[in-house]
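Take a look at the structure below.
The values are calculated or read from the model by the stated rules, or taken from the named source; none is laboratory data. Being a predicted model, the structure only gives us computed values, none of them experimental. Reconstructed Cβ throughout: ideal geometry from the backbone, glycine too, with neighbour counts over all protein chains shown.
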Amino acid sequence: MFNKFLKILLLAMSPLFVTQVIALEVGDDGLHKTKWMQDTFKDLREDLEEANAEGKRLVLFFEQIGCIYCTKMHKEVFSKENISNYIEDNFFVVQLNLHGDIEVTDFDGEILPEKDMARKWGILFTPSIIFLPQEVKADATAQQAAVAMMPGAFHPGTTLDLFTWVREERYLLDNDEDFQRYHARMVNERRAAKSD
């Protein structure tokens, strides 16, 4: 009788011990996919034009198959509703494969496979996120035009702060608050809000 009661009790309590598993969508190319990633011809001039028409900022995501840090970002950062919604509402995201063969047209008109474009821009790590301005000179490369770059996996707060800093064009402000100072201020504000 006691064993039967114990089994029933354990079965009833089992949902409390199960950790939430987040199902990540993976595309045919082996990279993680989100609802806010755009499927484009990877002509960055056209992508920038489309992003501007939608009132969004163009951002390039470099990832690679088997990248544990890319998986970490998708599971722990991009899965958060507030971050995912912010990116979807404000950014036009084009995903690129660090070792991919799909042709990419840079702003300067050069056409290269993704893997060669990564070398041209000096991309060594994944994930690497390149944030672009609303206007890029015709002779500039994406790497030269970038207003910010996120090389690697960061925590949710840091990631959201960088996306916000770019969206609000804080890099154009004539003050001493670069991203690191902005992020430190936001961390302190969040801590103060929690202690209230």
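Of note:
- Test: Ile83 is farther than 30 Å from Asp139 by Cβ and at pLDDT 95 or above: yes
- Failed condition for Arg185, given (1) surrounded by 16 or more Cβ atoms within 10 Å (Cβ to Cβ); (2) of a type outside the set (Gly, Ala, Ser); (3) more than 21 Å from the chain's Cα centre (by Cα): (1)
- Wholly within region 78-185, helices (runs of 4 or more DSSP H) carrying at least 1 residues that are of a type in the set (Val, Ile, Thr): 81-90, 156-167
The rows are residues; the columns are (1) modelled with pLDDT under 95; (2) among the polar types (S, T, N, Q); (3) more than 17 Å from the chain's Cα centre (by Cα).
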| position | (1), (2), (3) |
| --- | --- |
| Lys7 | yes, no, yes |
| Val21 | yes, no, yes |
| Asn52 | no, yes, yes |
| Lys72 | no, no, no |
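- Screening Met73 with (1) more than 16 Å from Glu25 (Cα to Cα); (2) part of a helix (DSSP H, G or I); (3) of a type in the set (A, V, I, L, M, F, W, C) gives one miss only, at (1).
- Every condition in (1) closer than 17 Å to Phe41 by Cα; (2) in contact with a strand residue (DSSP E or B) (Cβ under 9 Å, 6 or more places away or on another chain) holds for Gly109 except the one numbered (2).
Okay, residues lined up against (1) at positive phi; (2) buried (at least 19 other Cβ atoms within 10 Å of the Cβ):
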| position | (1), (2) |
| --- | --- |
| Lys80 | no, no |
| Asp101 | no, no |
| Gly122 | yes, no |
| Ile129 | no, yes |
| Ala145 | no, yes |
| Gly152 | yes, no |
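- Residue that is within 20 Å of Phe163 (Cβ to Cβ) and not β-branched (Val, Ile, Thr), where the choices are Asp47, Asp101: Asp47
- Pairs meeting the criteria (first residue in region 154-171 and within 18 Å of Glu81 (Cβ to Cβ), second residue of a type in the set (D, E, K, R) and crowded, with 19+ Cβ neighbours inside 10 Å, beta carbons under 7 Å, at least 6 apart or on different chains) are Arg167/Arg57.
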